[in-house]
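This report refers to the structure that appears directly beneath it.
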Amino acid sequence: MTLWFLFALMTAMAIFAVLWPLARSTGMLRSGSDLAVYRDQLEEIQRDRAAGQIGDVEAEAAKVEVSRRLIGAADAQAAAPGPLPAATATRHRRLVAVVTLVALPLVAGGLYLKVGSPGLPGQPLLARAADVQNQSIDHLVVQVEAHLQANPEDVRGWEVIAPVYLRLGRFDDAVKARRALLRLSGETAERQADLGEALVGTANGVVTAEAKSAFERAVALDAQDVKGRYFLGLAAEQDGRRADAASIWRAMVAGAPESAPWAGFVRSELARLEGGPGAGPAAEDLAAAADLDPAQRMTMIRGMVEKLSDRLHHDGTDLEGWLRLVRSYMVLGERDKAQAAAGEARHALASDPEKLRKINELVKGLGLEG
């Protein structure tokens with residue numbers, strides 16, 4: 001309904017813009033008024049000269065200039081066609097007005113019905129923007145995949161698509177892309193850590209033996225590799241070695257630069273670990289999940305995450321529980337749920353600035369902002 005009202009308003013404005021000049025009186029149009037103005041100027045120059053306000057030389061110069069303009073205006077008026085009789089001009093204006101009033105809405109409405117979609121239901125702006133963005137990403141992924149199929153040795157193509165696969169939750173494809181980069185570009189700490197991260201994704205957040213091996217290789221190549229060190233700490237926690245995990249993360253926090261974007265996230269992980277087992281999937285549960293087949297492991301982990309979510313909706317004061325829930329959704333590749341949980345956590349903890357700060361640090365560290 002609002003859309004049609006806007007269309008009607010725009011049409012009315014367009015009609016007004018066309019009819020306004022037609023409604024003006026012909027007496028308002030420029031005719032011989034210039035000649036009268038220039039004659040008045042000549043008389044005024046003569047009066048000023050007689051009163052002694054300007055000299056003879058200045059008066060003559062001014063008269064020459066005004067006379068030149070007066071002659072030009074007279075020539076222009078003589079060359080212009082004569083005005084239409086008043087009755088004829090009025091009839092012409094009325095005819096144009098009627099055509100405008102009838103034709104403009106009909107043409108606009110017909111064009112919209114032909115090329116528009118009047119029967120399409122309304123859709124919120126954010127939903128439309130998200131749909132366009134998703135379509136754009138999917139289209140780009142298809143293009144890059146087609147390019148890589150024809151050029152499988154293109155390093156740049158694999159570099160572009162690997163993180164996109166990870167963000168879309170296509171972990172098997174992400175592993176394939178990471179392996180291709182290692183094969184084509186050689187081994188670095190960053191590439192090994194990226195491979196390990198993709199392998200963790202395929203295992204629904206469990207640091208498997210293969211993923212752990214990739215992280216260990218990354219740290220061997222660069223002792224300060226952040227991703228490798230963090231996941232080795234997570235592997236230790238999942239193996240039940242909480243003290244080792246805390247030691248790894250504590251060392252990371254101690255040596256973190258002040259501006260390190262990941263420091264807040266690791267601090268929250270360390271606080272969760274040192275604060276006790278907490279709610280949600282325990283280390284022993286995750287370790288046991290590694291021995292299950294993928295379907296069973298997914299069912300087990302989802303069940304634990306849903307239990308945690310239910311508990312937090314009854315008692316939203318548990319900061320560590322909210323942190324665990326947001327991270328769990330990210331591990332499961334459910335970014336929308338992670339964002340929703342972060343929003344619920346902010347609402348539940350709004351009265352506690354310190355807890356709210358930790359939630360915001362986690363959101364920033366996970367890239368959930370924006």
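The values are calculated or read from the model by the stated rules, or taken from the named source; none is laboratory data. Small disclaimer: the values here were computed from a predicted structure and weren't measured. FYI the Cβ positions are ideal-geometry reconstructions off the backbone, even for glycines, and counts take in every protein chain you see.
Do we have any residue at all in the stretch 222-241 that's among the aliphatic types (A, V, I, L, M), buried (at least 19 other Cβ atoms within 10 Å of the Cβ) and not in a helix (DSSP H, G or I)? Checked the stretch 222-241: no residue is among the aliphatic types (A, V, I, L, M), buried (at least 19 other Cβ atoms within 10 Å of the Cβ) and not in a helix (DSSP H, G or I). Does residue 167 fit the bill of being within 24 Å of residue 327 (Cα to Cα) and either touching a strand residue (DSSP E or B) at 6+ places or on another chain (Cβ under 7 Å) or among the charged types (D, E, K, R) (or both)? Taking the combined requirement at face value, the residue satisfies it.
When residues in the stretch 326-337 are screened for being part of a helix (DSSP H, G or I) and either of a type in the set (A, V, I, L, M) or surrounded by 17 or more Cβ atoms within 10 Å (Cβ to Cβ) (or both), 7 of them pass. If you check 210, 153, 159, 190 for being under 26 Å from the mean Cα position of the chain (by Cα), surrounded by fewer than 23 Cβ atoms within 10 Å (Cβ to Cβ) and either assigned to a helix (DSSP H, G or I) or touching a residue at least 24 places away in the same chain (Cβ under 8 Å) (or both), only one passes: 159. Residues that are part of a helix (DSSP H, G or I) and within 22 Å of residue 169 (Cα to Cα) within the stretch 338-370 comprise 338, 339, 340, 341, 342, 343, 362, 363, 364, 365, listed in sequence order.
Is it true that some residue in the stretch 315-325 is crowded, with 17+ Cβ neighbours inside 10 Å, at pLDDT 75 or above and of a type in the set (Ser, Thr, Tyr)? No, the stretch 315-325 contains no residue that is crowded, with 17+ Cβ neighbours inside 10 Å, at pLDDT 75 or above and of a type in the set (Ser, Thr, Tyr). Among the residues of the stretch 275-294, are any under 23 Å from residue 367 (Cα atoms), part of a loop (DSSP other than H, G, I, E, B) and at pLDDT 75 or above? No, every residue in the stretch 275-294 fails to be under 23 Å from residue 367 (Cα atoms), part of a loop (DSSP other than H, G, I, E, B) and at pLDDT 75 or above.
Can you find a residue that is at pLDDT below 85, charged (D, E, K, R) and surrounded by fewer than 21 Cβ atoms within 10 Å (Cβ to Cβ) anywhere in the stretch 250-260? Yes, the stretch 250-260 contains at least one residue that is at pLDDT below 85, charged (D, E, K, R) and surrounded by fewer than 21 Cβ atoms within 10 Å (Cβ to Cβ).
Residue count for the stretch 310-324, restricted to those that are outside any loop (DSSP other than H, G, I, E, B) and within 17 Å of residue 358 (Cβ to Cβ): 7. Among the residues of the stretch 213-231, those that are without any contact (Cβ under 8 Å) to a residue 24 or more places away in the chain and within 18 Å of residue 263 (Cα to Cα) comprise 223, 229.
Scanning the stretch 235-275 for residues that are touching a residue at least 60 places away in the same chain (Cβ under 8 Å) and among the charged types (D, E, K, R) yields one hit, 267.
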